[in-house]
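What follows is a short report on a single structure.
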Amino acid sequence: MPDMRLFHSKNTKLEVDLRKYLFARGFRYRLHDKRLKGTPDLVFPKYKAVIFVHGCFWHAHENCSHASIPKTNTEFWLTKFAKNKERDELALNWLESHGWRVLTLWECAIRRPEQFCFDELLDFVECWLVGEARSCEVSGENKLPMLILVG
Ligand SMILES: [Zn+2]
């Protein structure tokens, strides 16, 4: 059984650190806004942007070493993961069709310090927010993605 504290979907360390930093830099946001599909972790109305901080386990991050399938109750977990993934996809489509940009930060992005440090990640998030870049996701398996502008 995985350690549930690591995978709790709200107020993870990454999310809290991210909030503190962005607030200190003058960004203002709403938390867990239920009016938006998928209840994004951070909502930035000024930039028409939202951020999800995804636990790799709960959101069944593909090809990620943090996203194992439990050996017991396997059927249950597979069903649950499939549902979570479907919900994530629906939320992404809904948000984009309503004019929101979506940044998905996978938890593994900060657990792989050899790829990039947290400061780099934060700089990236800031650029993404203010730069009108398209939706994208950051995971620990890859380098930081190129920012592609909307339109
Ligand atoms: Zn991952």
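Would you mind finding the one in Asp88, Asp41, Asp33 that is among the charged types (D, E, K, R), open to solvent by less than 50 Å² (accessible area, probe 1.4 Å), under 14 Å from the mean Cα position of the chain (by Cα) and more than 14 Å from the ligand (Cβ to nearest atom)?
Asp41
Would you check if His54 is at pLDDT 90 or above, within 13 Å of the ligand (Cβ to nearest atom) and open to solvent by less than 70 Å² (accessible area, probe 1.4 Å)?
When the stated conditions are applied, His54 passes them.
Give the number of residues within segment 91-150 that are in a loop (DSSP other than H, G, I, E, B), within 16 Å of the ligand (Cβ to nearest atom) and open to solvent by 30 Å² or more (accessible area, probe 1.4 Å).
9
What are the pairs with Cβ atoms under 9 angstrom where one residue, in segment 70-90, is within 14 Å of Phe57 (Cβ to Cβ) and the other, located anywhere, is assigned to a helix (DSSP H, G or I) and open to solvent by 80 Å² or more (accessible area, probe 1.4 Å)? Sequence gap at least six, or different chains.
Pro70/Phe76
So is Phe57 of a type in the set (A, V, I, L, M, F, W, C), closer than 22 Å to Val16 by Cβ and assigned to a strand (DSSP E or B) or not?
In short, no.
The values are calculated or read from the model by the stated rules, or taken from the named source; none is laboratory data. Here the structure is a predicted model, which is why all the values come from computation and not from measurement. Glycine gets a Cβ as well: all are built from the backbone with ideal geometry, and neighbour counts include every protein chain shown. What goes into the accessible areas is simple: the full protein's heavy atoms, side chains included, and nothing from ligands, DNA or RNA. Shrake-Rupley method; radii C 1.70, N 1.55, O 1.52, S 1.80 Å.
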